[in-house]
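The values are calculated or read from the model by the stated rules, or taken from the named source; none is laboratory data. Remember, it's a predicted structure, so these values are computed and weren't measured experimentally. All Cβ positions, even for glycine, are placed from backbone atoms using ideal geometry, and neighbour counts span all protein chains on display.
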Amino acid sequence: MKAIVQSAYGSPAGVLSLRDVAKPTPAPDEVLVRMHAAGVHPDVWHLIAGWPYVLRVMGAGFRRPKSPVPGIDVAGVVDTVGAHVTRFKPGDAVFGATVFMRWANGGTYAEYVAVPERLLVAKPPNVTFEQAASVVSPGLIALMNFHPERIQPSWRVAVNGAAGNVGSLFAQIARSRGARVTGVDAIDKLSAMRDLGIEETVDYKKEDFTQRGERYDLIFDVPTTLSRDQWERALEPAGIYWIIGHDHFGTATGAVLGSIPRMIPFMIRAARRGQLGKGVLKFATPLDALQELRRHLEARTLTPHVTHTFALAEAASALQCMIEGKAAGRIVIHAPHT
């Protein structure tokens, strides 16, 4: 089969190539999926670039990737199932992830990929393979960080980075709960946010939304660029400030530990305020979160806007498109099948 193979850590154009590799055989608890679409998002770039360096000792491989085929998210059709698989059969349309909470290439940039059954759900018929593949890791990050049931209809929610992979999903989910959402991002992405139904949009380069005199029940800071003075003056007394720690493709944090050092003070404060539990981190398993993601897709309270598709052989170009920040919507690797 054809697959993208990563030879070393570095720029996508320099280390990725299309090659013939052996078709994987699913383990007893795995499903072999014929890939129709695979997601393109920052975690894939981190594993290709090897940045920050700490991820190399967290499972990715120290000198070169242990698993040579990149990609984490996939949508496609079940080809075969392992002996212990009970939830799927050949021909089922599915989407999900190959790895979760583990820094390692997942092998989805290939014609076929073996996926653990526990990380797969049925694809809703009302979304395309491309749409389904585009939301998996961003959706898991959003939902496993902040359970939507925590959000109340009366809340005012600010999403910093609302046009990005994680931010746009979280903003839509917050709206589905009845919250009033303010989306913060670059000016060229404001119209895309409005298309998602975000009521208020702010160009962060022209205006500091924390200076508007508004108070928020939740600030969901995806790039984690706000200072303590900023988020404290914009929060309600019992408000929650929550961070994701996006790395800005290596320009915002150190090469060794990435965003970890700047996240430590936040985690300490959140623990002191009792915000690390009690409904914030509530989904027991990633499968629970994937099922919730599926429900939002099926109910159309979550609408992924795919604007750029690339062929499997163009994986490096797809990643470069994401790095340059030119896409106002989702980017996917597309593998059409008859």
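Per-structure values
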read-out: Residues satisfying the stated conditions in the stretch 297-308, i.e. under 17 Å from the mean Cα position of the chain (by Cα) and not in a helix (DSSP H, G or I); value: 302, 303, 304, 305, 306, 307, 308
read-out: Flag if residue 102 is over 15 Å from the mean Cα position of the chain (by Cα) and either outside any strand (DSSP E or B) or crowded, with 22+ Cβ neighbours inside 10 Å (or both); value: no
read-out: Index of the failed condition, residue 107 passing every other in (1) crowded, with 24+ Cβ neighbours inside 10 Å; (2) in contact with a helix residue (DSSP H, G or I) (Cβ under 7 Å, 6 or more places away or on another chain); value: (2)
read-out: Elements of type strands (runs of 3 or more DSSP E) contained in the stretch 112-177, each with 2 or more residues being in contact with a strand residue (DSSP E or B) (Cβ under 7 Å, 6 or more places away or on another chain) and farther than 23 Å from residue 234 by Cβ; value: 112-116, 120-122
read-out: Where residue 294 falls short, out of the listed (1) at pLDDT below 90; (2) of a type in the set (Lys, Arg); (3) under 22 Å from residue 101 (Cα atoms); value: (1)
read-out: Residues satisfying the stated conditions in the stretch 186-202, i.e. farther than 11 Å from residue 160 by Cβ, without any contact (Cβ under 8 Å) to a residue 40 or more places away in the chain and either among the aliphatic types (A, V, I, L, M) or part of a loop (DSSP other than H, G, I, E, B) (or both); value: 187, 190, 193, 197, 198, 199
read-out: Looking only at the stretch 49-101, and only at residues there that are modelled with pLDDT of 75 or more and of a type in the set (D, E, K, R), the one that is farthest from residue 25 (Cα to Cα); value: 63
read-out: Cβ pairs under 9 Å, 6+ apart, first in the stretch 112-130 and closer than 21 Å to residue 1 by Cβ, second part of a strand (DSSP E or B) and polar (S, T, N, Q); value: 130/309
read-out: Residue tally, condition loosely packed, with under 13 Cβ neighbours inside 10 Å and either small (Gly, Ala, Ser) or outside any loop (DSSP other than H, G, I, E, B) (or both), over the stretch 203-231; value: 5
read-out: Residue match in the stretch 47-59 (condition: among the hydrophobic types (A, V, I, L, M, F, W, C) and closer than 23 Å to residue 290 by Cα); value: yes
read-out: Search result, residues across the stretch 309-328 that are assigned to a loop (DSSP other than H, G, I, E, B), under 26 Å from residue 3 (Cβ atoms) and small (Gly, Ala, Ser); value: 327
